[in-house]
Amino acid sequence: LVLLGLVAFSECVVKIPLRRVKTMRKTLSGKNMPNNFLKEHPYRLSHISFRGSNLTTLPLRNIWDIFYMGIITIGTPPQEFQVVFDTASSDLWVPSIFCNSSTCSTHVRFKHRQSSTFRLTNKTFGITYGSGRMKGVVVHDTVRIGDLVSTDQPFGLSVAEYGFEGRRFDGVLGLNYPNISFSKAIPIFDKLKNEGAISEPVFAFYLSKDEQEGSVVMFGGVDHRYYKGELNWVPLIQAGDWSVHVDRITMKGEVIGCSDGCTAMVDTGSSHIQGPGRLIDNIHKLIGATPRGSKYYVSCSAVNILPSIIFTINGVNYPVPARAYILKDFTGNCYTTFKEKRVRISTDFWILGEVFLRLYFSVFDRGNDR
């Protein structure tokens, strides 16, 4: 895994730029904004040669400033789905026509009878995420991520979903190691890697912030135009999970977390920075945040005066300023993006989600487990 200071990528690479659209908050506050915005702004493939490789662009759907979604296609002929590219899970799944959950009725469902390359299995599985859970069946079909094509790819079709109400994504595309796959199916990245479809076993994320466009997930290499400075490689704690060792977490020179070092997972599927409840509570006290419902709120003017919170990873400081860890909700009130992580282990465990990754370009190197 590599973290660094912001901005690009180059040879033998399939790159999927994800264009940012207005946040739900700004859509709701806009005048005469059509309800069927997504239908009126259709996804279009763009095939552009880029130093010997294909450059494929996908529009990003940004909901509440926290979700980054790209479009993949499944089946023959292809059917389009909006998915979250998630480094904390390993399974790909989308809703099936047999899913009668209220969530499924608002999402695109895969019509397997319309695909000539569809193949069914008798394997079932379930996944529990931080925001919901699903149950599904393992099937096979052709999956496309831009110009990358995986034929006879195993993936999941959900038959029941819980807790995903209000989420605009149809499904999830996991990019973690295969050993944590709940379906026990080979993840699409591993299948593409094993078949030589990508030149290097790496992928990378550039996540734009505010109203900037250009968010991108890259497969097969790194476009170095997306960052400044050097790539700071961080070894994984162990192969099989995108978790790294954090030296300490500080604010104004004082240690506020990871006093003896801790573990943090780099998670593109999480919108928050999550940690142990007692430490998150302490951070909220230090920045003067007060609870209201499930969120902690601060005065919006505090963004200009609150200090940065610094994560030191492999000897390198990664400041997270207040403008990054405080967001506005659709009512115009400001809340923090620190959240308690409920885990059954006693160790100091953190999740570095999109709040962190909007600041630092990230590269995930499966070939070197870093």
Given the residues 277, 288, 240, which is the only one that is without any contact (Cβ under 8 Å) to a residue 40 or more places away in the chain and either open to solvent by 10 Å² or more (accessible area, probe 1.4 Å) or within 27 Å of residue 132 (Cβ to Cβ) (or both)?
288
Count of segment 288-309 residues which are in contact with a Ser or Thr (Cβ under 7 Å, 6 or more places away or on another chain) and not small (Gly, Ala, Ser)
3
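So which of 147, 152 is in contact (Cβ under 8 Å) with a residue 24 or more places away in the chain and at positive phi?
After ruling out the rest, the residue left standing is 152.
So that you can scan it fast, the table gives a plain yes or no per residue for (1) more than 16 Å from residue 203 (Cα to Cα); (2) within 20 Å of the chain's Cα centre (by Cα); (3) of a type in the set (D, E, K, R); (4) surrounded by fewer than 20 Cβ atoms within 10 Å (Cβ to Cβ):
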site: 231; (1), (2), (3), (4): no, no, no, yes
site: 251; (1), (2), (3), (4): yes, no, no, yes
site: 256; (1), (2), (3), (4): yes, no, no, yes
site: 266; (1), (2), (3), (4): no, yes, no, no
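Mind listing just one residue for me: the one in segment 165-187 that is assigned to a strand (DSSP E or B) and touching an Asp or Glu at 6+ places or on another chain (Cβ under 6 Å) and, of those, nearest to residue 100 (Cα to Cα)?
172
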Please give the number of the condition residue 143 fails out of (1) within 26 Å of residue 207 (Cβ to Cβ); (2) out of contact with any helix residue (DSSP H, G or I) (no Cβ under 7 Å at 6 or more places or on another chain).
(2)
Considering each residue of segment 198-217, count those that are within 30 Å of residue 119 (Cα to Cα) and touching a helix residue (DSSP H, G or I) at 6+ places or on another chain (Cβ under 8 Å), and give that number.
3
Quick check on my filter: what residues within segment 188-210 are of a type in the set (S, T, N, Q) and either in a strand (DSSP E or B) or free of Cβ contacts under 8 Å to residues at least 40 places away in the same chain (or both)?
194
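Find the strands (runs of 3 or more DSSP E) located wholly in segment 296-370 whose residues include 1 or more that are buried (at least 18 other Cβ atoms within 10 Å of the Cβ) and polar (S, T, N, Q), and list them.
In segment 296-370, the matching strands (runs of 3 or more DSSP E) lie at 334-336, 361-365.
Looking only at segment 191-207, filter to residues that are under 18 Å from the mean Cα position of the chain (by Cα) and not aromatic (Phe, Trp, Tyr); which one of those is nearest to residue 87 (Cα to Cα)?
Selected residue: 204.
Residues checked against (1) modelled with pLDDT under 90; (2) farther than 16 Å from residue 360 by Cβ; (3) in contact with a strand residue (DSSP E or B) (Cβ under 8 Å, 6 or more places away or on another chain):
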position	(1), (2), (3)
181	no, yes, yes
185	no, yes, yes
193	no, yes, no
218	yes, no, yes
Report yes if residue 215 is among the polar types (S, T, N, Q) and in contact with a Pro (Cβ under 9 Å, 6 or more places away or on another chain), otherwise no.
yes
What residue, among those in segment 71-85 that are part of a strand (DSSP E or B) and of a type in the set (S, T, N, Q), is farthest from residue 364 (Cα to Cα)?
79
Tell me which residues, restricted to segment 182-219, are open to solvent by 70 Å² or more (accessible area, probe 1.4 Å) and in contact with a Ser or Thr (Cβ under 7 Å, 6 or more places away or on another chain).
none
In this structure, is residue 254 outside the structural domain of residue 309 (by the TED database), out of contact with any His (no Cβ under 7 Å at 6 or more places or on another chain) and farther than 16 Å from residue 351 by Cα?
no
Residues that are open to solvent by 40 Å² or more (accessible area, probe 1.4 Å), at least 2 per element: which strands (runs of 3 or more DSSP E) completely within segment 86-164 meet that?
119-128, 133-145, 148-162
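The values are calculated or read from the model by the stated rules, or taken from the named source; none is laboratory data. Just so we're clear, the structure is a prediction, and the values are computed from it rather than from any experiment. Methodologically, a virtual Cβ is constructed for each residue, glycine included, from the backbone with ideal geometry; neighbour enumeration extends over all protein chains shown. The area values use the complete protein model at the heavy-atom level, side chains included, leaving out ligands, DNA and RNA. Shrake-Rupley method; radii C 1.70, N 1.55, O 1.52, S 1.80 Å.
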